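Working notes, beginning with the structure itself.
The values are calculated or read from the model by the stated rules, or taken from the named source; none is laboratory data. Being a predicted model, the structure only gives us computed values, none of them experimental. Ideal geometry is used to build each Cβ from the backbone, glycine not excepted, and the neighbour counts take in all protein chains shown.
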Amino acid sequence: MSAVTFNETHYSMNSPVTPPSPVVSPPPPPGLGERKNSQTNPQRGAEAGALPQGRKTPMWESERGQAFGEAVGKFFRAALPPLLGMALFILLWQIVSSSGGEHGLPGPAKTWESAKILFADPFYDKGPNDKGIGWNILHSLYRVGAGFGLAALVGIPAGFLIGRFAFLAAMVAPVISLLRPVSPLAWLPIGLYVFKQTEPASLWVIFISSIWPIILNTAAGVSRVPQDYLNVARVLNLSEWTIFTRILFPSVLPHLMTGIRLSIGVAWLVIVAAEMLTGGTGLGFWVWDEWNNLNVEHILIAIFIVGFTGLLLEQALVMVANRFNYE
Amino acid sequence: MHNYLHIEHARMVFDTKKGKFTALTDINLRVGQGEFISLIGHSGCGKSTLLNLVAGLATATEGVLLLAEKEIKGPGPERGVVFQNHSLLPWLTCFGNVYLAVERVFGAREPKSRLRERTQAAIELVGLSHASAKHPNEISGGMKQRVGIARALAMEPKVLLLDEPFGALDALTRAGLQDELMRIVQETKATTLMVTHDVDEAVLLSDRIVMMTNGPAATIGEILDVDLPRPRDRLSLAVEPRYHHLRSQVLAFLYQKHLKHAA
C-alpha cells in the first residue's frame with residue numbers, strides 16, 4: 001500500500017466538497033477505524049491505486065491554500081478603502097476639470113500624459129533656469145536636509161539643556177513662545193538682509209522653522225525621563241557621562257524622533273514656499289516657473305511630487321522611530 | 001556585630017504644597033550583619049520612605065543613619081536596591097541591565113571577561129540564564145523582578161534593600177520567588193531589609209519583623225522576633241503552630257492595634 005493511496009483516501013474522506021469517488025463508497029467493516037480500514041482493505045487499495053494520478057488535492061483545499069486565501073482576503077479588505085478613496089478623488093478631479101470647460105483644470109488623463117513626458121528625462125540640464133524635474137527635487141531635498149541638519153545640530157543639545165535645567169527652561173520659554181508662532185516666510189527677509197544671498201537665506205528659513213519642534217520635543221523627553229530610571233542611576237551611582245549615554249539618551253530617543261519627524265514635515269512644507277520666493281532651483285521655483293509659463297499640468301504634477309516625497313520622508317522616519325520604540 | 005546598620009532618632013519631614021508633612025518620627029533600629037528584616041505596615045505608613053533613607057535616595061531631616069559605622073550620605077553601590085516595579089532599562093537586555101551594575105562596581109579593577117562572568121553568575125543565581133539575551137518587554141513580570149534581584153546581587157552589596165519586591169506578582173509566582181530569595185540570601189549571607197505588606201511573606205522570610213504604626217508621623221510600633229529554624233519550608237510551616245502564632249501576632253498588630261480606617 002503506497003502513501004499516495006492513503007493520502008487520497010484521507011483527503012477525500014475529510015473534504016465534503018470532493019465529489020464521491022469509488023474510494024469512499026465501500027462501507028467500512030464494523031469495528032475498524034478509518035485509517036486502519038484504508039490500509040487493510042485490499043479491495044479499496046486496489047481501486048485507489050487504479051485511480052488516475054491526476055486527482056491531486058486542489059490548492060484552495062489544502063491548508064496552505066486556505067491560509068493564502070485568507071491573506072488575500074485580508075489584503076483586499078485592508079486595501080479596498082484607500083483604493084476606493086483614491087478612485088473617488090480622481091473622479092472628483094475629473095468632474096472639476098471637465099466642468100471647467102475649455103479653461104478648466106487639466107484632467108487626470110492629460111496630467112498623466114504630461115507627467116510621462118516629464119519623467120522620461122528627469123535629469124537634463126539646460127542652463128540655470130531650465131533643469132529636469134529630478135534636479136529640482138534633489139535641490140529641494142538638499143535644502144531641507146541642510147537646514148534641518150543645522151536645526152538638529154543646535155536644537156538637540158539645546159533641548160537637552162532646557163529639559164535638564166529648569167532655570168534655563170524658564171529663561172527661554174518666553175522667547176520660544178514668542179518666536180514659534182511666526183510664519184516661516186516672515187524670516188526670509190531677515191535671512192536675505194543678513195546673508196545677502198538667496199541660498200543661505202532659504203536654509204535659514206528651514207532652520208528657524210524646523211528648530212522649534214526639535215527643541216520642544218527633546219526638552220519634553222528629557223524632563224519626562226521616568227523617575228524609576230533616574231533612581232537606578234542614583235542607586236548605581238553612575239557617572240554623569242554614563243547616565244547620559246545609557247539612560248538619558250535612550251530614554252529621550254523616542255521623543256527626539258517625534259521632534260525630528262515634525263521638523264522635517266515643517267521643513268518640507270516651508271521649502272516649496274521659500275523657493276517660490278528665492279527662485280533658481282527646487283520644486284518651489286519650478287511651480288512658480290510653470291505658473292509663469294501657464295503650464296497647469298506641471299503645477300498639478302508638482303503638487304503630487306511634493307505630497308509623495310513628504311509621504312516617503314514621513315514613512316522612512318516612522319520606520320526609524322519604530323526601531324527605537326522599546327515598550 | 002549587632003550594630004551593622006544603625007538608625008537613631010531618624011525623622012523625615014516632606015515639604016508639600018499644604019505645608020510640612022511629617023512622614024516618620026523617632027525611628028530607632030539596629031540591624032545585625034546577615035539579618036533579614038521586614039518592614040510591615042499599612043500603606044502610607046512610611047515604610048518605603050524608611051527604606052529610601054537607608055538606600056540614600058532621601059536624606060533624613062533629623063537623626064543619624066550609619067552603615068558599618070559610616071554615615072549614609074547618598075546612594076551607593078554597597079547597598080543594592082530592588083524596586084517594586086523592577087525598574088529595568090527597556091533598551092538593554094537582561095544581561096545588559098545586570099552588566100551596567102557590575103561594570104559600575106567592578107569595572108575599574110577587573111577585566112571585561114571577569115565582569116561578564118560576574119553578570120552570568122548573577123543571572124544564573126536567579127535561574128534566568130536562558131533569558132539573558134532577551135529584552136525586558138519579552139519576559140514575564142516575575143522574570144523581570146528576578147533580573148532586578150540579579151542586578152542588585154551582582155553588585156555584591158553589603159545590604160540588600162527590597163521595596164515590596166513581589167507586590168505586583170500573582171500569588172504562585174510570588175511564592176516561587178520568595179523561596180528563591182530565601183535560598184539566595186542563605187547563600188550570599190546578605191543583610192536584607194524588605195518592605196512588604198504581606199504577612200505570610202514577612203513571617204516566612206524574616207529574622208525580625210518591624211511593625212510600623214500608621215502615618216502621619218509613623219514610627220516603629222513593635223518588633224517581632226521570628227524564631228523559626230532555618231532552612232524554612234513553606235509546606236511544613238503551614239502545619240507549624242509556632243508559625244501561626246507569629247502570623248496572628250502580626251495580624252493582631254495590624255488589624256487590632258493599628259487598624260487604618262478607610263477615609
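At a glance:
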read-out	value
Helices (runs of 4 or more DSSP H) contained entirely in the range A:164-240, each with at least 2 residues that are surrounded by fewer than 20 Cβ atoms within 10 Å (Cβ to Cβ) and in contact with an Asp or Glu (Cβ under 9 Å, 6 or more places away or on another chain)	none
Single unsatisfied condition, A:GLY132 versus (1) without any contact (Cβ under 8 Å) to a residue 24 or more places away in the chain; (2) of a type outside the set (A, V, I, L, M); (3) out of contact with any Asp or Glu (no Cβ under 8 Å at 6 or more places or on another chain); (4) farther than 30 Å from A:TRP212 by Cα	(3)
Meets criteria (at negative phi and crowded, with 19+ Cβ neighbours inside 10 Å) for A:ALA267	yes
Which listed residue is closer than 28 Å to A:ASP125 by Cα and assigned to a helix (DSSP H, G or I), from A:MET257, A:MET276	A:MET276
Residue, farthest from A:PRO213 (Cα to Cα), within the range A:167-184, restricted to residues that are out of contact with any Ser or Thr (no Cβ under 9 Å at 6 or more places or on another chain) and in contact (Cβ under 8 Å) with a residue 24 or more places away in the chain	A:LEU179
Selected residue (criterion: surrounded by the fewest Cβ atoms within 10 Å (Cβ to Cβ)) from residues of the range B:56-88 that are assigned to a loop (DSSP other than H, G, I, E, B) and away from chain A (no Cβ under 14 Å)	B:GLU69
Any hit, the range A:201-211, residues being in the same structural domain as A:GLU275 (by TED's automatic domain parsing), small (Gly, Ala, Ser) and closer than 30 Å to A:PHE244 by Cα	yes
Whichever residue in the range A:244-253 is surrounded by fewer than 20 Cβ atoms within 10 Å (Cβ to Cβ) and more than 7 Å from chain B (Cβ to nearest Cβ) and, among such residues, is nearest to B:TYR99 (Cα to Cα)	A:THR245
Any hit, the range B:126-141, residues being under 21 Å from the mean Cα position of the chain (by Cα), assigned to a loop (DSSP other than H, G, I, E, B) and either at the interface with another protein chain (Cβ under 9 Å from one of its Cβ atoms) or surrounded by fewer than 17 Cβ atoms within 10 Å (Cβ to Cβ) (or both)	yes
Condition check for A:TRP241: more than 9 Å from chain B (Cβ to nearest Cβ) and either among the aliphatic types (A, V, I, L, M) or closer than 26 Å to A:SER140 by Cα (or both)	no
Residue count for the range B:89-123, restricted to those that are within 13 Å of chain A (Cβ to nearest Cβ) and either touching a residue at least 40 places away in the same chain (Cβ under 8 Å) or touching a helix residue (DSSP H, G or I) at 6+ places or on another chain (Cβ under 7 Å) (or both)	16
Residue in the range A:244-264 that is closer than 13 Å to A:ARG143 by Cα and not charged (D, E, K, R) present	yes
Residue check for A:TRP291: away from chain B (no Cβ under 13 Å), buried (at least 19 other Cβ atoms within 10 Å of the Cβ) and either at pLDDT below 90 or part of a helix (DSSP H, G or I) (or both)	no
